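The next block holds one structure in the form of structure tokens; read it before the comments.
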Amino acid sequence: MATQNGLPFEAPIYQLEDRLRELLANAGSSPEHDDEIRRVRRELAETTRRIYANLTPWETVLVAREKNRPYTADYLSLVFDEFVELHGDKFFGDDRAMLCGFANLEQQKVVVIGHQKGRTYKERSACNFGCAHPEGYRKALAKMRLAAKFGLPVICIIDTPGAYPGIGAEERGQATVIAQNMYEMSRLPTPIICVVIGEGGSGGALGIGVGDRVAMLEHSYYSVISPEGCAGILWKSHQFAEKAAKALRFRSRDLLQFGIVDSVIDEPLGGAHRDHHRMAARLKQYLIKTLRELRAVPTPDLLLGRYEKFRRMGAFLDQASIDQSGQASTEAAGVR
Amino acid sequence: MASIDEKRGTARQPKRGVPHGLWLRCTGCKETIFRSEAEKFFNLCPKCGYHFYVTAKERINQVLDTGTFEEWDKDVLPTDPLNFHDNKPYSERLTAEQKRTGLSEAAVTGTGMIRARRVAFGVTDSAFIMGSMGSVVGERLARLVERATEQRLPLIIVSGSGGGARMHEGILSLMQMAKVSAALARYDQAGGLFISVLTNPTMGGVAASFASLGDLIFAEPRALIGFAGPRTIMATIRLELPKGFQTSEFLLEHGYIDRIVTRDKLKSEIARAIDYCGK
């Protein structure tokens, strides 16, 4: 039964899905039977809509981590006409947690960079569950530079619990590579679009996350720390992950409100994992439209806009500017 | 005078303002030493040279010429954009930290002279919420870098940040990494010299942004420096970590820093590097 591995809050959906399957299997075509099928279908849609309209922050995390959710590799085949993988980081080794290569988006040649999690256990372990090592970030930067050299726009697909925490990762400069990626991406002379498709895990996400436009899928999350990590530090136990998830305000709508992302791409009813094709079509539409916009902007303006976009981020009070504007209130900058 | 904490990873409980004893047990050599003797000499152990914690204020006194420091952007102050609440509200935590440390935030920035060379200077203090980079730290540093670019000043940032990003400010905190890195990229393009000095501890989002972007990277001996915290790594790989892992010496060996510089030599080393780069 589907409920065994699924999301706990989706139980009512699974029940209705099972019921519908049963009805469809017992193909007696009496009018009552057809009515029943219609009724269950309607109820299923309503239930799904209700559940997904009221997801808690923690439930959003579970959806973002759902193992049937489309990953970078799925979008590579569903969104792009061709993908030509490029492996070399020319330094240490090939990181399977980072996919890079040429791709074709409706006649537009681009370079795609994306975290890959893997679906089967074997794939997941080869990809370290989407946690990239320094060689992954080096590979990403090398391919972005290649893109800039030959005038190709860059599309970054973000889906990682975080950069890999390990001995080798530290030895090979995990902190340095993430810093250098942000540094170089901030001035890379070609359009960059970043999309968080599932998990936007902290520095590991930001390592390929500096661009002219940053979007998120509706039920993805993008956070400074995992809810479990935050709970472990502030509440001293991972059991408080739900609480931490609520406090961190990391859902797509929150980030839109904070001015961190430019767009939220709606997911199909019941989440991207229910309909890969529809999700891919929406992502494709967003990418084509945004790419068209960005390609019309001259490079110096593009880079200035990118700088100012990130420069504005943050929330603080600025007493000096308040004094200058002659206001008495200290509530000024707020969330800018 | 700065106070000294006996424990390594001193950031957790710097016993500032607390009356303390005449004697001190050194974390490095376990010898009992005169506190005043260490405090007189850069907060170093007189026996083994162990580097104790120093406050931002003390760091400024040690590195810049006496009386030359002029603070910038002290009017940029923290707020609580998430209404974050763990065991106490973030706004209360901020007030408590400000009171305890005498700092308005974890970074102090401004300008001053190093052996008569004007520089833009920033320091993060691990006593203030682990020296973590909230919006104010990011904003003060970004403005520092921008002013250094405009005024063509060499830039020195001394990092002491165990916390990396600041959870209490969520995603806004994370984005400070990109913001400061982008400012540094422009400074670099304008030909500026950035000397990054890493002290104990420099971890997470601070290590993974400005601290690792120096044209020159210096580190104090035996500082803890890295991306992921040792406990996180141990929990992931379930293995003991090698001795000396994530120390300054480990980073030097693996090629990520240029020089290990003891605190008493820091000022002259910075001055010399500025001269070599003709700034």
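The values are calculated or read from the model by the stated rules, or taken from the named source; none is laboratory data. Please read all numbers here as calculations on a predicted model, not as lab measurements. Quick reminder, even Gly has a Cβ in these numbers, built from the backbone with ideal geometry, and neighbours come from all protein chains shown. Areas reflect the complete protein model, heavy atoms only, side chains present, ligands, DNA and RNA absent. Shrake-Rupley method; radii C 1.70, N 1.55, O 1.52, S 1.80 Å.
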Subset of region B:225-249, residues touching a helix residue (DSSP H, G or I) at 6+ places or on another chain (Cβ under 8 Å) and over 16 Å from A:C131 (Cα atoms), comes to B:I225, B:G226, B:L239, B:E240, B:L241, B:P242, B:G244, B:F245, B:Q246
- request: Looking only at region B:154-169, decide whether some residue is open to solvent by 10 Å² or more (accessible area, probe 1.4 Å) and of a type in the set (K, R).
  value: no
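A quick yes/no check of all residues on (1) of a type in the set (K, R); (2) part of a helix (DSSP H, G or I); (3) at positive phi:
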site	(1), (2), (3)
A:D18	no, yes, no
A:E22	no, yes, no
A:R39	yes, yes, no
A:T47	no, yes, no
A:I51	no, yes, no
A:W58	no, yes, no
A:E66	no, no, no
A:R69	yes, no, no
A:L76	no, yes, no
Checked region B:123-155 for anything facing chain A (nearest Cβ under 10 Å), assigned to a helix (DSSP H, G or I) and small (G, A, S); matches are B:S135, B:G138, B:A142
Result of the Cβ filter at 6 Å on region A:104-122, keeping first residues that are assigned by TED's automatic domain parsing to the domain that holds A:G136 and open to solvent by less than 20 Å² (accessible area, probe 1.4 Å) and partners that are in a strand (DSSP E or B) and charged (D, E, K, R), at least 6 apart or interchain, is A:H115/A:D159
Any residue at all in region B:110-122 that's under 28 Å from A:E308 (Cα atoms), part of a helix (DSSP H, G or I) and away from chain A (no Cβ under 14 Å)?
no
Within region B:170-180, the residues that are under 14 Å from B:L141 (Cβ atoms) and either outside any helix (DSSP H, G or I) or within 7 Å of chain A (Cβ to nearest Cβ) (or both) are B:S173, B:M175, B:Q176, B:M177, B:A178, B:K179
**Prompt:** Regarding B:T79, is this residue farther than 20 Å from B:G160 by Cβ, away from chain A (no Cβ under 12 Å) and of a type in the set (V, I, T)?
**Reply:** no
_A:E36 being acidic (D, E), without any contact (Cβ under 8 Å) to a residue 40 or more places away in the chain and open to solvent by 50 Å² or more (accessible area, probe 1.4 Å)_ = no
Filtering region B:181-204 down to residues that are more than 20 Å from B:E220 (Cβ to Cβ) and at the interface with chain A (Cβ under 9 Å from one of its Cβ atoms) yields B:S181, B:A182, B:A183, B:L184, B:A185, B:R186, B:D188, B:Q189
Every listed condition ((1) over 17 Å from the mean Cα position of the chain (by Cα); (2) under 19 Å from B:A142 (Cβ atoms); (3) in a loop (DSSP other than H, G, I, E, B)) holds for B:D188 save (3)
Check whether at least one residue in region B:87-105 is closer than 28 Å to B:R222 by Cα, touching a strand residue (DSSP E or B) at 6+ places or on another chain (Cβ under 9 Å) and buried (at least 22 other Cβ atoms within 10 Å of the Cβ), and report yes or no. yes
Reported set for region A:254-284 where residues are open to solvent by less than 60 Å² (accessible area, probe 1.4 Å), of a type in the set (D, E, K, R) and either free of Cβ contacts under 8 Å to residues at least 40 places away in the same chain or in a loop (DSSP other than H, G, I, E, B) (or both) is A:D254, A:E267, A:D275
(message) Being touching a strand residue (DSSP E or B) at 6+ places or on another chain (Cβ under 6 Å), within 14 Å of another protein chain (Cβ to nearest Cβ) and modelled with pLDDT under 95: is that true of A:D323 here?
(response) no
Reported set for region B:33-76 where residues are over 15 Å from B:G160 (Cβ atoms) and aliphatic (A, V, I, L, M) is B:I33, B:A38, B:L44, B:L64, B:V76
Picked from region A:127-141 (must be of a type in the set (A, V, I, L, M, F, W, C) and without any contact (Cβ under 8 Å) to a residue 40 or more places away in the chain), the residue surrounded by the most Cβ atoms within 10 Å (Cβ to Cβ) is A:C127
Being on the phi < 0 side of the Ramachandran plot, open to solvent by less than 10 Å² (accessible area, probe 1.4 Å) and touching a residue at least 12 places away in the same chain (Cβ under 8 Å) narrows B:A208, B:A190 down to just B:A208
Taking region B:223-240 and the residues there that are modelled with pLDDT under 95 and more than 7 Å from chain A (Cβ to nearest Cβ), the one that is least open to solvent (accessible area, probe 1.4 Å) would be B:G229
Within region A:268-281, residues being under 14 Å from the mean Cα position of the chain (by Cα) and within 22 Å of A:V112 (Cβ to Cβ) number 4
For region B:54-76 the number of residues that are open to solvent by 20 Å² or more (accessible area, probe 1.4 Å), away from chain A (no Cβ under 14 Å) and outside any helix (DSSP H, G or I) is 6
A careful count of residues in region B:241-266 that are open to solvent by 40 Å² or more (accessible area, probe 1.4 Å), over 21 Å from A:I178 (Cβ atoms) and not acidic (D, E) gives 6
Of A:L99, A:L23, A:L105, A:L62, the only residue that is over 18 Å from A:I157 (Cα atoms) and in contact with a Leu (Cβ under 9 Å, 6 or more places away or on another chain) is A:L62
Exercise. For region A:303-317, state whether one or more residues are among the basic types (K, R), closer than 27 Å to A:Y71 by Cα and surrounded by 19 or more Cβ atoms within 10 Å (Cβ to Cβ).
Key: yes
